[in-house]
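The values are calculated or read from the model by the stated rules, or taken from the named source; none is laboratory data. Please read all numbers here as calculations on a predicted model, not as lab measurements. In this analysis, Cβ positions are derived from the backbone assuming ideal geometry, glycine residues included, and neighbour counts consider all displayed protein chains. SASA here: full protein model, heavy atoms, side chains in, ligands and nucleic acids out. Shrake-Rupley method; radii C 1.70, N 1.55, O 1.52, S 1.80 Å.
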Amino acid sequence: MLADRRAQRIPLQYLTGSAPFRYVELAVGPGVFVPRPETELLVGWGLDAIAGQSRPLVVDLCAGSGAIAVAVATEHPGAVVVAVERSADALPWLRRNAAATSVRIVEGDAVSPATVPDLDGHVDAVLSNPPYVPLGTPVSPEVADHDPPAAVFADHDGLGVIRGLVTRAAALLKPGGVVAIEHDDTHGSAVPDLLRASGAFTEVADHDDLTGRPRFATARRLAD
Ligand SMILES: C[S@@+](CC[C@H](N)C(=O)[O-])C[C@H]1O[C@@H](n2cnc3c(N)ncnc32)[C@H](O)[C@@H]1O
């Protein structure tokens with residue numbers, strides 16, 4: 001019975017095979033991170049930032065199930081959306097969820113300059129929910145036993161992927177383009193500091209999630 005399996009702390013979304021995210025239902029299961037409500041706020045911020053543009057170029061780095069990419073493509077039909085993911089286990093879910101959209105899927109390392117180099121300097125918005133939990137942080141059984149570790153944890157300080165994303169976002173964005181990066185609730189100062197220290201951004205800000213905890217940092221690309 002489903003209730004018995006849920007009592008074993010298997011994530012509800014793995015049992016139903018579906019996760020709601022803003023206006024879409026995403027197929028999920030073993031091998032892919034279950035989208036979380038806090039990421040819906042990041043997407044809302046990104047959509048507001050590109051609202052006045054008829055054909056913005058948006059890149060979702062660390063796309064997982066495609067939650068960010070598919071939501072943006074659905075809510076801003078004029079957007080050209082590229083989703084980057086490197087996990088062989090997550091990619092089939094991403095392909096399935098993006099199948100009915102125009103999202104371009106790229107298999108690769110989101111922090112490598114060799115991934116989508118053709119987009120450097122052309123992107124209007126980089127949106128990302130990367131792995132960001134510091135190694136050793138206690139997590140629930142649902143996360144510990146079911147979310148892919150590479151989707152959750154990022155080095156001892158949780159910033160291992162985010163450091164590379166800051167650099168990569170600076171290269172991808174055109175002047176005036178925006179970046180939003182979700183982060184651990186202990187990193188409400190650290191991620192804005194990384195954005196400021198890069199020297200590439202202005203309007204650096206941090207935003208809380210629905211529980212009032214620091215959850216994502218945003219910034220605007222300066223001209224070189
Ligand atoms: C926290 S999950 C987020 C997935 C999705 N963006 C969401 O919000 O539901 C992080 C994702 O990043 C992927 N990932 C981790 N490191 C990566 C890297 N260097 N390049 C590309 N993808 C990466 C993981 O496989 C995982 O799918």
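In whole Hz, what ³J(HN,Hα) sequence does segment 58-75 give by Karplus (6.51, -1.76, 1.60; θ = phi - 60°), x for Gly and Pro?
Result, rounded to whole Hz: 10, 10, 9, 9, 6, 6, x, 5, x, 3, 5, 4, 5, 5, 5, 4, 6, 8.
Could you give the dipole magnitude of segment 2-221 about its Cα centre, charging the beta-carbon of Lys and Arg +1 and that of Asp and Glu -1, in debye to the nearest 20? List each step's numbers first, then the result.
Numbers: 18 positive and 27 negative charges, 83 e Å.
Result for segment 2-221 is approximately 400 debye, rounded to the nearest 20.
Who wins for biggest fluctuation among Asp60, Asp184, Asp124 in a Gaussian network model of the chain, springs between alpha carbons below 10 Å?
Most flexible of the set in this elastic network: Asp184.
In segment 2-221, how does Rg compare with the Kirkwood Rh, expressed as the Rg/Rh ratio over alpha carbon atoms?
Details: Rg = 16.3 Å, Rh = 17.3 Å.
Looking at segment 2-221, the ratio lands at 0.95.
Mean residue ellipticity at 222 nm from the helices of the chain, using -39,500 (n - 2.57) per DSSP H segment of n ≥ 4 over the full residue count, to the nearest 500 deg cm²/dmol?
Details: 9 runs with 72 residues, N = 224.
Here the helix-only value at 222 nm equals -8500 deg cm²/dmol.
How long is the gain from Arg9 to His122 if the chain were fully straight, where each residue apart is worth 0.36 nm and the alpha carbon distance is subtracted?
Details: separation 113, 0.36 × 113 = 40.68 nm, distance 4.35 nm.
Going from the current span to full extension adds 36.3 nm.
May I ask you to evaluate 6.51 cos²θ - 1.76 cosθ + 1.60, the Karplus curve with θ = phi - 60°, for each residue of segment 23-31 and list the ³J(HN,Hα) values in order in whole Hz, giving x for glycine and proline?
Values per residue, Gly and Pro as x: 9, 10, 10, 9, 6, 9, x, x, x Hz.
Treating only the Cβ of Lys, Arg, Asp and Glu as charged (+1, +1, -1, -1), what charge dipole size does segment 149-221 show about its Cα centre? Round to the nearest 20 debye. Don't skip to the end; give the middle numbers.
On the way: 8 positive and 10 negative charges, 92 e Å.
The calculation lands at about 440 debye.
Out of all DSSP beta bridges in segment 2-221, what portion is antiparallel? Express it as a percent rounded to 5. Working shown, then result.
Numbers: 15 of 34 bridges.
Here the antiparallel bridges make up roughly 45 percent for segment 2-221.
Give me, ordered by chain and number, the residues 5 or more places off Phe153 or on other chains with an amide H under 5 Å from its own placed amide H.
Val133
Enter the accessible area per residue of the chain (Å², integer; probe 1.4 Å; all protein chains in place). Don't skip to the end; give the middle numbers.
Details: 9980 Å² over 224 residues.
So the chain comes to 45 Å² accessible per residue, rounded to a whole number.
Considering only protein heavy atoms, with the full assembly of protein chains and a 1.4 angstrom probe, order Asp109, Asp4 by accessible area, largest first. List each step's numbers first, then the result.
Working: Asp109 55, Asp4 90 Å².
Ranked from most to least accessible, the order is Asp4, Asp109.
Taking the Cα-to-Cβ direction at Ala114 and at Ala51 and moving 7 Å from each Cα, how far apart do the two end points lie in nm?
Reported label-point gap for Ala114 and Ala51 is 4.1 nm.
Long-range amide H contacts for Asp209: which residues qualify at under 5 Å (H placed 1.01 Å from N, peptide plane, sequence gap of 5 or more or a different chain)?
Placed amide hydrogens put Arg215 under 5 Å from Asp209.
Between Gly158 and residues 5 or more places away or on another chain, which pairs have amide H atoms under 5 Å apart, with H built 1.01 Å from N, and which residues are they?
Close amide H contacts, sequence-distant or interchain: Leu135.
Counting alpha carbon pairs within less than 8 Å and at least 6 residues apart, what relative contact order, in whole percent, applies to the chain? Please report the intermediate quantities before stating the final value.
Values: 465 pairs, mean separation 39.0, N = 224.
Relative contact order here is 17 percent.
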